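The next block holds one structure in the form of structure tokens; read it before the comments.
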Amino acid sequence: MKEKIVEMLTPEVKQQIDDEMRQLKYTKNFRSASAEEWYVFLPSYQDPQTQGAAGKAIIHYDLYGNKEIFIHTTIIFDDPKLHQPESYPIVYSIADELVNRLVGYADTLLSVHSGANSFQAEYVNG
């Protein structure tokens, strides 16, 4: 039986995602006992006002006792190019990669703010 799987990404979009991932950089701006803020730098995108980081990731830790932890992660993209509907695959891929790199395997509730490409997701380990 032949599977009917259709690839929705064009080769150009796949290449752009690969290029952004390869050059994705982030730096910690702030840390407290229960939160971190990271600036996110992408080669093709930047904040239009500062010409700096394309966005930021805010990671807030909810600790329940000494064993349970749940993380709330918010990613905000400032570049208007990432707010365009055609940029959704790029926004989704970058957000997913940031969760993998900055949060790891912990449970997290993700909220991405990127204009028309905003979304929420829940990552649950196990």
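The values are calculated or read from the model by the stated rules, or taken from the named source; none is laboratory data. All figures in this text were calculated on a predicted structure; none of them were measured in a lab. Neighbour counts are summed over all protein chains in view; Cβ atoms, including those assigned to glycine, are modelled from backbone coordinates with ideal geometry. Just the protein is used for accessible areas: all its heavy atoms, side chains included, with ligands, DNA and RNA removed. Shrake-Rupley method; radii C 1.70, N 1.55, O 1.52, S 1.80 Å.
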| request: Check whether at least one residue in segment 8-16 is buried (at least 17 other Cβ atoms within 10 Å of the Cβ), under 18 Å from residue 117 (Cα atoms) and hydrophobic (A, V, I, L, M, F, W, C), and report yes or no. | output: no
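When segment 107-118 is examined, which residues are found to be of a type in the set (Gly, Ala, Ser) and open to solvent by 30 Å² or more (accessible area, probe 1.4 Å)?
First, the residues of segment 107-118 that are of a type in the set (Gly, Ala, Ser): 111, 114-116, 118.
115, 116, 118 - these are the residues of segment 107-118 that are of a type in the set (Gly, Ala, Ser) and open to solvent by 30 Å² or more (accessible area, probe 1.4 Å).
Considering only residues that are among the β-branched types (Val, Ile, Thr) and out of contact with any Phe, Trp or Tyr (no Cβ under 8 Å at 6 or more places or on another chain), which ones fall in segment 95-126?
Initial filter on segment 95-126 (among the β-branched types (Val, Ile, Thr)): 99, 103, 108, 112, 124.
Listed by number, the list holds a single entry, 124.
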| segment 86-99 residues that are farther than 14 Å from residue 9 by Cβ, paired with ones that are aliphatic (A, V, I, L, M) and in a helix (DSSP H, G or I) (beta carbon under 7 Å, 6 or more apart) | 97/21
| Candidates 88, 26, filtered to the one that is touching a strand residue (DSSP E or B) at 6+ places or on another chain (Cβ under 7 Å) and either outside any loop (DSSP other than H, G, I, E, B) or exposed (fewer than 12 other Cβ atoms within 10 Å of the Cβ) (or both) | 26
| said: Being assigned to a strand (DSSP E or B), open to solvent by 70 Å² or more (accessible area, probe 1.4 Å) and of a type in the set (Ser, Thr, Tyr) is the filter here; which residues of segment 29-76 pass it? | reply: 39, 64
